[in-house]
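Enquirer: Would you mind keeping the following structure in view while I ask a few things?
The values are calculated or read from the model by the stated rules, or taken from the named source; none is laboratory data. Treat the numbers as computed from the prediction; the structure is a model and nothing was measured. Using ideal geometry, Cβ is built from the backbone for each residue, glycine included, and neighbour counts are taken over all protein chains shown. In case anyone asks, the SASA skips ligands and DNA or RNA and just uses the protein heavy atoms, side chains included. Shrake-Rupley method; radii C 1.70, N 1.55, O 1.52, S 1.80 Å.
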Amino acid sequence: MTQEPESKSKLTLQEQIVDLLFKATQTGGVGIGGVHAFWILFKESDIPKAIASAVIGVGISYAAKLLQPIHKGTEERLDRLGIAINDGISHVGGAVVAKVTSVEDRYFEAQAADCELCRTEGVGKIDRIATPMLEDVFVRLSLNLNMGTAGFRNEQKLARLMRSENFNKEVNQEDLEDRFTVDIWELLAKAKNDSIYRQIAILAWGGFGKTTLLRHVTYRLCRNKQNENQKHDVPHFVPVLLLLRKYRDLLTQENPEDLPTIIEKHHLPSLNASLQMPTNWARDLLNKGRMMILLDGFDEVPKLQRPLLSRWLNTQMRNYPKSVFILSSRPKAYIEQGFDDDRLDLKSVFHVQPFTIKQIQEFVNKWYWCQEYYGCGKMDSPAVRKEATDAANELLGQIANREELTKLASNPLLLTMIARFHRCYPSAELPKRRGDLYQEICKLQLKDRPMARQLETMLTDGDAQVILQMLALEMMQQKEERIDRELLIARLDDYLSIQDETVETNEFLKQVEEISELLVQKDDELEFSHLSFQEFLAAMEIIRTNQESILHSHFHDDWWKQVILLYVSKVKKPSNLIKTALDAGAIDLALACTQETRKQIDANVKKDLQALEEQRQLQAVEIEVKNSLYQQLEEYLENQQWYEADQETWELILKVTEREEEGWVRAEDIKNFPCEDLLTLDRLWVEYSKKHGFEFGFSVQKQIYVELGGKLDFSYPSDEIWDKFCDRTAWKSEGKWVDYPDQFFKNNFMCVKGHLPVYVGLVEVRGVLFSHRDL
């Protein structure tokens with residue numbers, strides 16, 4: 001006779017049934033096979049026969065209805081499954097379904113909670129400034145289809161545009177941005193049917209929102225809102241967000257655990273210590289292609305560990321080809337890997353694009369609404385909205401009226417810092433340059449904020465920024481982004497002693513962490529709240545100690561590039577360093593430095609005779625930089641390497657217009673293109689093509705354009721004129737676009753007048769470039 005189970009064992013009974021349901025669906029799927037598997041497993045279990053006969057008797061009758069939803073996804077909620085369950089067994093069967101669904105729902109809740117707030121790295125807490133919810137302020141980021149070595153090649157996009165039926169249509173700025181960029185959800189909608197989109201690398205420099213994008217995707221999936229307010233049909237993946245800096249040691253040891261083990265053994269407890277998932281939960285979802293793995297910060301893994309991490313990740317992607325993997329990284333770390341078996345090479349690579357004017361406006365309006373909404377006790381009244389709108393419009397007005405601010409605001413991190421500065425000092429003029437902005441934020445965090453709160457702190461008494469500058473410079477020299485607390489305290493001891501500060505080291509560090517929040521703890525280490533603060537403070541320390549020579553050995557090291565650019569933006573005489581960089585062969589860096597300093601000198605020249613002399617020096621060195629910049633193009637033209645020359649011309653245009661990050665140019669960029677650079681490009685093409693028996697160059701193309709009736713008013717040509725122009729220059733043949741580059745450089749096309757260069761004569765700049773009077 002079967003004994004009744006004790007009341008305290010009922011939970012164990014439910015867990016056993018759930019476990020058998022999972023095993024049955026794994027063994028036989030849904031239908032008769034699944035029912036049979038369930039029956040065999042059930043008979044061999046210790047579940048009482050009385051309950052077994054009741055559950056299985058009814059379960060077989062309704063097997064298709066009960067097991068089918070479980071097979072499709074155990075996360076379906078009880079109200080959707082209950083339709084298939086007879087009311088007579090709801091007490092037992094309902095407990096089974098609730099167990100299956102609620103566990104996964106608990107995971108979604110825990111993972112979503114980890115991504116819910118908009119915590120912007122690099123900015124600490126300030127009075128009167130609320131931390132908004134991520135979804136309240138998130139602005140969709142654009143991913144570029146055209147980034148040369150990182151993703152779609154230039155010539156592939158060009159050929160695709162040439163074949164487009166809509167190629168000749170006049171387009172406005174927003175149309176162009178849509179044409180050249182995609183949204184992350186558009187890619188993920190294709191992942192189910194196209195394996196290319198199951199492995200995506202997202203590349204961007206610091207502050208462009210890589211981490212925020214991954215957190216946004218994770219949160220939306222957890223809330224099952226991936227298809228809300230969009231036309232794409234994205235599957236409901238189970239997202240797992242892994243910060244690589246947190247798991248780097250685990251993943252790069254001699255025999256690292258596999259991905260399912262990392263998820264269940266390490267990731268789940270980090271979200272919720274009591275979170276327990278069914279056996280093989282992660283492995284099953286990975287095998288079925290229902291899981292999305294988001295790996296943040298490949299660049300935050302030390303360089304020596306990256307090959308080991310790449311080997312591990314390549315193995316996981318091979319083992320689970322149906323699941324989606326998204327990796328974020330700074331471009332340098334991803335692109336400049338080796339070419340051996342340990343190279344990480346995802347199938348699709350995209351760059352995050354800087355904010356457009358439209359995105360800047362959207363963020364500022366959302367951000368200010370959140371500030372007023374939370375500041376007024378979550379009241380969303382017309383008065384609150386007016387207050388937010390007025391403040392947002394005042395800020396946007398400053399940004400729109402100053403080109404240098406617009407450039408800063410295109411970086412989401414810097415835009416957040418600008419907004420916070422504006423809210424703290426609503427009547428103050430915004431900083432004009434990036435270096436000035438960082439300086440004001442440091443002043444706000446270290447001095448103004450503690451004084452406003454009337455805090456008794458040593459940060460306002462001594463020069464805390466100098467101590468942090470010393471730390472930042474040493475961390476740059478050691479190539480450290482994070483530092484162990486004990487080592488940090490030892491260094492701070494030395495710095496405080498050098499500065500004759502009498503404060504206690506531990507107390508100083510505590511106040512830097514808690515009050516200024518310029519240093520933050522991540523796991524067992526500390527780091528600057530954003531790498532850009534470390535770079536800025538290091539640059540300021542080099543200026544303070546007059547140690548410019550430190551930078552001379554790092555001209556070709558990307559780790560130091562931002563330090564060098566911040567240095568020249570703040571030092572009084574940047575021309576010396578730019579000349580030294582040019583002499584060292586760092587031409588691109590020298591050009592970036594002249595672009596960084598141009599507005600700085602222009603702003604000071606009327607007030608300072610020394611600034612006037614420095615401007616003369618900068619103008620002289622800029623001429624040297626430009627002469628060096630065009631040497632490679634001249635070499636290609638001399639050697640009749642026409643394809644390489646065309647590519648180099650495009651790269652030069654991106655550098656001169658400061659559009660390398662975007663990978664394409666706007667009509668306004670070409671309209672404002674420096675005349676001396678345009679004339680240099682044209683002169684080289686005309687002279688060397690003539691030398692080799694051809695007629696190439698922008699001025700040659702302009703002559704053809706005018707002959708065909710093109711207007712030189714920076715407007716787009718009509719379709720009729722543009723078609724005729726493309727026929728005359730052999731960009732088209734018999735009404736069809738000539739394939740670039742395969743057919744474009746054949747002899748029968750190369751002999752045509754005005755055939756090259758081709759890139760900047762297309763689409764958004766076709767008639768604009770020819771309108772330059774000096775051409």
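Enquirer: Just the Cα atoms of region 365-404, one point each, no solvent: what log10 I(q)/I(0) does Debye give at q = 0.20 Å⁻¹?
Expert: Rounded to two decimals, the profile gives -0.55.
Enquirer: Can I ask one more? Using DSSP to call loops (not H, G, I, E or B), can you name the GluC sites (Glu not before Pro) in region 673-775 whose Cβ has at most 10 other Cβ atoms within 10 angstrom?
Expert: Values: sites: Glu676, Glu687, Glu695, Glu707, Glu720, Glu734, Glu764; in loops: Glu695, Glu734.
For GluC sites (Glu not before Pro) across region 673-775 that sit outside H, G, I, E and B with at most 10 neighbouring Cβ atoms in 10 Å, the list reads Glu734.
Enquirer: Right, here's the next one. If packing is taken as the average number of other Cβ atoms within 10 Å across a peptide's residues, how do 386-394, 740-748, 320-328 rank, most packed first? Each step should come with its number before you reach the end.
Expert: On the way: 386-394: 16.4, 740-748: 14.8, 320-328: 22.0.
Descending mean neighbour count gives 320-328, 386-394, 740-748.
Enquirer: Next up: For region 274-428, what is the convex hull volume of the alpha-carbon atoms per residue, in Å³?
Expert: Details: hull volume 32.6 nm³, N = 155.
Spread over its residues, the Cα hull of region 274-428 gives 210 Å³ apiece.
Enquirer: Could the peptides 342-352, 249-259, 612-622 be put in order, highest first, of the mean number of other beta-carbon atoms found within 10 Å of their residues?
Expert: Working: 342-352: 19.2, 249-259: 15.2, 612-622: 17.2.
The densest-packed peptide leads the list: 342-352, 612-622, 249-259.
Enquirer: Subtract the Cα-Cα distance of Gln610 and Val182 from 0.36 nm times their separation in residues, and report this length gain in nm to one decimal. Intermediate values should be presented prior to the final figure.
Expert: On the way: separation 428, 0.36 × 428 = 154.08 nm, distance 4.80 nm.
Separation in residues times 0.36 nm, less the Cα-Cα distance, equals 149.3 nm.
Enquirer: Using the Karplus curve 6.51 cos²θ - 1.76 cosθ + 1.60 with θ = phi - 60°, what ³J(HN,Hα) values do you get for each residue of region 535-546, in whole Hz, with x for Gly and Pro?
Expert: Per residue, the Karplus-derived 3J(HN,Hα) values read 5, 5, 5, 5, 4, 5, 5, 5, 5, 4, 9, 6 Hz.
Enquirer: With the crude spin-label approximation of a point 7 Å out along Cα→Cβ, what separation in nm comes out for Ala584 versus Asp448?
Expert: In this crude spin-label approximation the distance works out to 3.5 nm.
Enquirer: To the nearest whole percent, what portion of all C-alpha pairs in region 469-550 is separated by more than 18 angstrom?
Expert: Cα-Cα pairs in region 469-550 separated by more than 18 Å: 41 percent.
Enquirer: May I ask for the equivalent-ellipsoid semi-axes of region 634-719, computed as the square root of five times each C-alpha gyration tensor eigenvalue and listed largest first in whole Å? All intermediate terms of the calculation are to be shown ahead of the outcome.
Expert: Details: eigenvalues 96, 75, 22 Å².
In descending order, the three semi-axes are 22, 19, 11 Å.
Enquirer: At 1.4 Å probe size, with every protein chain present, just tell me what the per residue accessible area of region 677-740 comes to in Å².
Expert: On the way: 3070 Å² over 64 residues.
Heavy-atom accessible area per residue stands at 48 Å².
Enquirer: Using r as the Cβ-Cβ distance of Ile335 and Lys192, and R0 as 35 Å, what FRET efficiency do you calculate, to the nearest 0.05? Spell out each step's value before the answer.
Expert: Values: r = 29 Å, r/R0 = 0.81.
Calculated value: 0.75.
Enquirer: Taking 7 Å along the Cα-to-C-beta vector as the label spot, tell me the Glu720-Leu117 distance in nanometres, rounded to one decimal.
Expert: Label-label distance for Glu720 and Leu117, simple model: 6.4 nm.
Enquirer: What FRET efficiency would be calculated for the residue pair Glu394, Lys288, taking the C-beta separation as r and a Förster radius of 60 Å, to the nearest 0.05? Kindly include the intermediate steps, with their values, before the conclusion.
Expert: Values: r = 52 Å, r/R0 = 0.87.
My answer for the efficiency is 0.70.
Enquirer: Please list the radius of gyration and Dmax for region 518-640, considering alpha-carbon atoms only, with Å as the unit.
Expert: Here Rg and the maximum Cα pair distance are 16.9, 58 Å.
Enquirer: Let me ask you something else. Full-extension gain between Leu708 and Thr131, please, as 0.36 nm times their residue separation minus the C-alpha to C-alpha distance.
Expert: On the way: separation 577, 0.36 × 577 = 207.72 nm, distance 5.83 nm.
Using 0.36 nm per residue and subtracting the Cα-Cα distance, I get 201.9 nm.
Enquirer: What full-extension length gain, to one decimal in nm, is calculated for Ser427 and Asp774 as 0.36 nm per residue of separation minus the Cα-Cα distance? Please report the intermediate quantities before stating the final value.
Expert: Numbers: separation 347, 0.36 × 347 = 124.92 nm, distance 4.30 nm.
Result for the pair: 120.6 nm of gain on full extension.
Enquirer: Taking a 1.4 Å probe, which of Lys332, Lys702, Lys573 shows the most accessible area, and what order do the others take after it? Present the calculation step by step, with values, prior to reporting the outcome.
Expert: Working: Lys332 70, Lys702 25, Lys573 115 Å².
Sorted by accessible area, descending: Lys573, Lys332, Lys702.
Enquirer: For the full complex of protein chains and a 1.4 angstrom probe, list Met291, Met540 by accessible area with the highest value first.
Expert: Values: Met291 0, Met540 35 Å².
Correct descending sequence by accessible area is Met540, Met291.
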